[in-house]
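The structure appears right after this line, and notes come after that.
What follows draws every value from the coordinates through simple rules; no lab data is involved. Please read all numbers here as calculations on a predicted model, not as lab measurements. Here Cβ is always computed from backbone atoms with ideal geometry, including for glycine, and neighbour counts include all displayed protein chains.
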Amino acid sequence: MQLIMEHSAPPPVRHARMKISSAVLMMHGSDAWSSELEDISSTGVLVRRPEDWSGKPGDLFVLDMLIGEELNIHLEATVARVTEDHVGFAYARIPADKEVPLWNLLGGYADAMERFGL
């Protein structure tokens, strides 16, 4: 009798997202949009898509995230994905003076991984 075992791929994982509600200003060339952060991770952010949005995957943006009354994180990010309701950004460059504040904000989420797409 031969035993056949099915091998399934492990579930996909990504850097853990931390839910957050905060203002973000997104700038691309001479265009700018304001919106709200939905979540943040050590590799990027998810924001609500403004109605007049004109960015596309691969575009480089400057993001100015206003978190609370004292923390302002200003960095460069590329558009990773666009849906009807959201824009996902991947960090392209985090200024050295913003790295520690970002990691402090993320706390345990900075190094955590999570399953997704299940």
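The phi-based Karplus calculation (6.51 cos²θ - 1.76 cosθ + 1.60; θ = phi - 60°) puts the 3J(HN,Hα) values of region 69-85 at 9, 10, 10, 10, 10, 10, 8, 9, 8, 9, 5, 8, 7, 9, 10, 4, 10 Hz, whole numbers, x for Gly and Pro. Ordering LYS98, LYS19 by the number of other Cβ atoms within 10 Å of each residue's own Cβ, fewest first, gives LYS19, LYS98. In a simple Cβ point-charge model (Lys, Arg +1; Asp, Glu -1; nothing else charged), region 13-115 has a dipole of about 400 debye relative to its Cα centre. Under 5 Å from the amide H of ASP59 lie the amide H atoms of VAL79, each residue being 5 or more positions distant or on a separate chain, with H modelled from the backbone and absent for Pro and chain starts. Our coupling estimate for region 41-48, obtained by passing each phi through the Karplus curve with A = 6.51, B = -1.76, C = 1.60 and θ = phi - 60°, is 9, 6, 10, x, 9, 10, 10, 5 Hz, Gly and Pro reported as x.
Close amide H contacts of GLU38 (hydrogens built in the peptide plane, cut-off under 5 Å, sequence separation of 5 or more or a different chain): LEU46, VAL47, ARG48. Using θ = phi - 60° in the Karplus curve 6.51 cos²θ - 1.76 cosθ + 1.60, the 3J(HN,Hα) couplings for region 50-60 round to x, 4, 9, 4, 10, x, 9, x, x, 5, 8 Hz; x is entered for Gly and Pro.
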